[in-house]
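Structure record follows, encoded as structure tokens.
The values are calculated or read from the model by the stated rules, or taken from the named source; none is laboratory data. Given the structure is predicted, the values throughout are model-derived calculations rather than measurements. All Cβ positions, even for glycine, are placed from backbone atoms using ideal geometry, and neighbour counts span all protein chains on display.
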Amino acid sequence: MLFHVSCTHGADYLALRERVLPHSRTVRQAHVALHISRGDRLVAAGPRVDGTGAHLFYEAPDEATLARWMQEDPYAVAGVWSHMAWNALPACVRGATRMPPCLDGSRRAMLIMSERDGAAQTDATLARARQRGTLVAAGVDAGGRFTGWFGGGCGDALAAAEALGLDPARLDTVELVWVL
């Protein structure tokens, strides 16, 4: 099952990053290595451009497995993430290609989230998402909320939302640095 994971950086995130990562980089290296080792299970991951958190899309057999994976993450263990939450996306689609890791911060992505009007829109919204060449993964949770990860070519979030048939008035977007 596809899961969208949202992580909030702790209040001391910048201090922790400056204190730990420049000297040994062991926390960050362990974090990246762990996610790379999970192969196709990690669909996409990256921090918010504003530095307040990170988002990940994971394929996991069940919520208990995902919870274990997230608790084992070096960022969770080291306190870089102060809070983690996830939503299962049982109705989902994935993009056609998998991107290699990009650790220099140059690749961008857009996370688009929106409430929808009823379950009847699910198939149509996901079909339109698949047609966008920049789709990495998208899904609709049990409550009807759409969440989609699109590559940097997505452009204007409002135009993307309209192309997906989403109501711009009910839209949340997050610009991300697409790392994995």
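What the table shows:
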quantity: Boolean, E162 is at pLDDT below 85 and assigned to a helix (DSSP H, G or I); calculated: yes
quantity: Residues of region 85-130 classified as in contact with a His (Cβ under 7 Å, 6 or more places away or on another chain) and modelled with pLDDT under 70, total; calculated: 0
quantity: Pick from region 65-116, criterion of a type in the set (K, R) and not in a helix (DSSP H, G or I), ranking: surrounded by the fewest Cβ atoms within 10 Å (Cβ to Cβ); calculated: R98
